[in-house]
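Q: Take a look at the following structure, please.
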Amino acid sequence: MAATQDEIVEGLAEIVNEIAGIPVEDVKLDKSFTDDLDVDSLSMVEVVVAAEERFDVKIPDEDVKNLKTVGDATKYILDHQA
Amino acid sequence: MSSTNRTVVVTGIGATTPLGGDAASTWEGLVAGKSGAKPLEQDWAADQAVRIAAPAAVDPSEVIPRPQARRLDRSAQFALIAAREAWKDAGYVGKAGESPAEDGAAHVDPDRLGAVIASGIGGVTTLLDQYDVLKEKGVRRVSPHTVPMLMPNGPSANVGLAVGARAGVHTPVSACASGAEAIGYAIEMIRTGRADVVVAGGTEAAIHPLPIAAFGNMMAMSKNNDDPQGASRPFDTARDGFVLGEGAGVLVLESAEHAAARGARVYAEAVGQGISADSHDIVQPEPEGRGISAALQNLLDRNDLDPAEIVHVNAHATSTPAGDIAELKALRKVLGDDVDHMAVSATKSMTGHLLGGAGGVESVATVLALYHRVAPPTINVENLDPEAEANADIVRGEARKLPVEGRIAALNDSFGFGGHNVVLAFRSV
């Protein structure tokens, strides 16, 4: 069953917490991965790989650069999950 | 900077070792004659010929937050922990050039600050663990942090970033001489005017099934699995190889002028280094210690050091049958009767052998021996090898007081596979 928007944000929050140590409650739709959440380009690769596994979605490298905010990633996963 | 022969001093020390999570607890363990060796209880150890090691007393996961730790090889974690302690101990706060205007915080120009941290093997656990990930979980799961984690200059680069070093960040690699070579390199950086302050030392984290199997198959490690704490026994007739240790030791080295200008506490003078290469065999020590003699002679020729003032030697002495004696023969050959007033200690009897970290940790021990005027013991010497007894005065069993008066100096020997020989000299101030 496909994940809902809330479930995706919750899942991304857990992933960002694990990788960057940011509290889960700070991971919100309008937050920028690099500017707000301490996720640099290498760590973003980790976030993407973890999200792919968790939400059964493929996020090609060329699409990763468009995922600036948690909202961008959430929408991408909603639209592409199997 | 026109100055080319400046005096270098030690103003900060830090360590995380099998005996303790900082320099003070490590020194306490050394003076008390404690062993950091333990049985290896991991599942992978069951079918190893060597099932003992000396792990860090405080795991770095207890000190470094997980988000930072997951992008640092264990060797870089040890280096950062020891470097932060040394940096703070020297009176510095935060990155050079960015120090808050705190009361008493010392200042160094980042363009005059260097970092030289070495390891013998580099990020071996990262390399092997990520290869396991590749095989078991596929290409996509290999960590994007793998390259900066496994590169041998990772620890020095991370320490350089932490303190804000811009004068140069270097990583000499010479197996078990690496840590000493790093400190020697740092002394030269300051002496020749390239830097005013350098954070220098060695680190290693190689307690992993592959290095244990490989060193074990070389017959280099002790197989005294039934008595871990008695296994590392330099100079004892029953010695059968080293016990692998892990951790890091770091010094803050500083030009004497820079230290004096800021009123820094000075632990000791870093007099200089002597270096040579055996050109004998890739792993076997030259049996008469010819290369070691050349390094000692090089030290005396190039530095203002009188053998009469040397009262202590922190020997390389890893507890291998051939190496321990070759070292003592070389001391006797070059220093003659002066060896009689040198208290020779093999602290690897307690810490195990930290490979590239050894020169760092043993420099910390040597500096503290001068500072406290106490030579740590060599433990586990039940039957002193007659060839050791004939060539040197080994501090056995218990720590020994060094002369309380006057200027005293000490040596720290480090030798590595490949025939690398480094002798560092320190002196009381």
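Q: Can you tell me which residue among B:128, B:134 is within 14 Å of chain A (Cβ to nearest Cβ) and either in a helix (DSSP H, G or I) or closer than 30 Å to residue A:61 by Cβ (or both)?
A: Matching residue, one of B:128, B:134: B:134.
Q: Determine, yes or no, whether residue B:66 is of a type in the set (D, E, K, R) and either closer than 28 Å to residue B:410 by Cβ or in contact (Cβ under 8 Å) with a residue 60 or more places away in the chain (or both).
A: Against the criterion (of a type in the set (D, E, K, R) and either closer than 28 Å to residue B:410 by Cβ or in contact (Cβ under 8 Å) with a residue 60 or more places away in the chain (or both)), residue B:66 does not qualify.
Q: Exactly one condition in (1) buried (at least 21 other Cβ atoms within 10 Å of the Cβ); (2) not in a helix (DSSP H, G or I) is not met by residue B:280; state its number.
A: (1)
Q: Going residue by residue through segment B:382-389, is there one that turns out to be surrounded by 24 or more Cβ atoms within 10 Å (Cβ to Cβ) and at pLDDT 95 or above?
A: yes
Q: Among the residues that make up segment B:47-67, is at least one of them surrounded by fewer than 21 Cβ atoms within 10 Å (Cβ to Cβ) and within 22 Å of residue B:115 (Cα to Cα)?
A: Within segment B:47-67 (the criterion being surrounded by fewer than 21 Cβ atoms within 10 Å (Cβ to Cβ) and within 22 Å of residue B:115 (Cα to Cα)), the answer is yes, since at least one residue qualifies.
Q: Considering only residues that are assigned to a helix (DSSP H, G or I) and buried (at least 20 other Cβ atoms within 10 Å of the Cβ), which ones fall in segment B:243-262?
A: B:258, B:259
Q: Okay, moving on. Tell me whether segment B:39-50 contains one or more residues that are outside any loop (DSSP other than H, G, I, E, B), touching a strand residue (DSSP E or B) at 6+ places or on another chain (Cβ under 7 Å) and away from chain A (no Cβ under 14 Å).
A: The answer is yes, given that some residue of segment B:39-50 is outside any loop (DSSP other than H, G, I, E, B), touching a strand residue (DSSP E or B) at 6+ places or on another chain (Cβ under 7 Å) and away from chain A (no Cβ under 14 Å).
Q: Additional query: So for segment B:402-410 (the condition being within 24 Å of residue B:276 (Cβ to Cβ) and part of a strand (DSSP E or B)), does at least one residue qualify?
A: Scanning segment B:402-410, I find at least one residue that is within 24 Å of residue B:276 (Cβ to Cβ) and part of a strand (DSSP E or B), so the answer is yes.
Q: Pairs please, first residue from segment A:38-55 and farther than 10 Å from residue B:144 by Cα, second anywhere and polar (S, T, N, Q), Cβ atoms under 7 Å, 6+ apart in sequence or on different chains.
A: A:40/A:34; A:55/A:81
Q: When you go through B:94, B:114 one by one, which is the residue that is more than 30 Å from residue B:208 (Cα to Cα), surrounded by 14 or more Cβ atoms within 10 Å (Cβ to Cβ), more than 14 Å from chain A (Cβ to nearest Cβ) and over 24 Å from the mean Cα position of the chain (by Cα)?
A: On inspection, the qualifying residue turns out to be B:94.
Q: Any chance segment B:75-89 includes a residue that's assigned to a loop (DSSP other than H, G, I, E, B) and under 29 Å from residue B:142 (Cα atoms)?
A: no
Q: Which residues, counting only those in segment B:370-429, are in contact with a helix residue (DSSP H, G or I) (Cβ under 7 Å, 6 or more places away or on another chain) and of a type in the set (Asp, Glu)?
A: B:385, B:387, B:393, B:413
Q: Filter segment B:215-242 down to the residues that are more than 18 Å from residue B:378 (Cα to Cα) and in a helix (DSSP H, G or I) and list them by number.
A: B:215, B:216, B:217
Q: Within the bounds of segment B:407-425, is there any residue that is at pLDDT 95 or above, under 14 Å from the mean Cα position of the chain (by Cα), β-branched (Val, Ile, Thr) and closer than 14 Å to residue B:267 by Cβ?
A: There is no residue in segment B:407-425 that is at pLDDT 95 or above, under 14 Å from the mean Cα position of the chain (by Cα), β-branched (Val, Ile, Thr) and closer than 14 Å to residue B:267 by Cβ.
Q: Shifting gears a bit: Quick one: is residue B:72 within 21 Å of the chain's Cα centre (by Cα), buried (at least 18 other Cβ atoms within 10 Å of the Cβ) and within 14 Å of chain A (Cβ to nearest Cβ)?
A: So residue B:72 fits the description; yes.
Q: Of all residues in segment B:322-366, which are farther than 19 Å from residue B:311 by Cα and outside any helix (DSSP H, G or I)?
A: B:352, B:353, B:354
Q: OK, next. Regarding residue B:14, is this residue surrounded by 15 or more Cβ atoms within 10 Å (Cβ to Cβ), in a strand (DSSP E or B) and away from chain A (no Cβ under 14 Å)?
A: So residue B:14 fits the description; yes.
Q: Could you tell me which residue of segment B:221-240 is nearest to the chain's Cα centre (by Cα), considering only residues that are crowded, with 24+ Cβ neighbours inside 10 Å and among the small types (Gly, Ala, Ser)?
A: Of everything passing the filter in segment B:221-240, B:232 is nearest to the chain's Cα centre (by Cα).
The values are calculated or read from the model by the stated rules, or taken from the named source; none is laboratory data. Quantities reported herein were computed from a predicted structural model and do not represent experimental measurements. Note: ideal-geometry Cβ built from the backbone for every residue, glycine included; neighbour counts use all protein chains shown.
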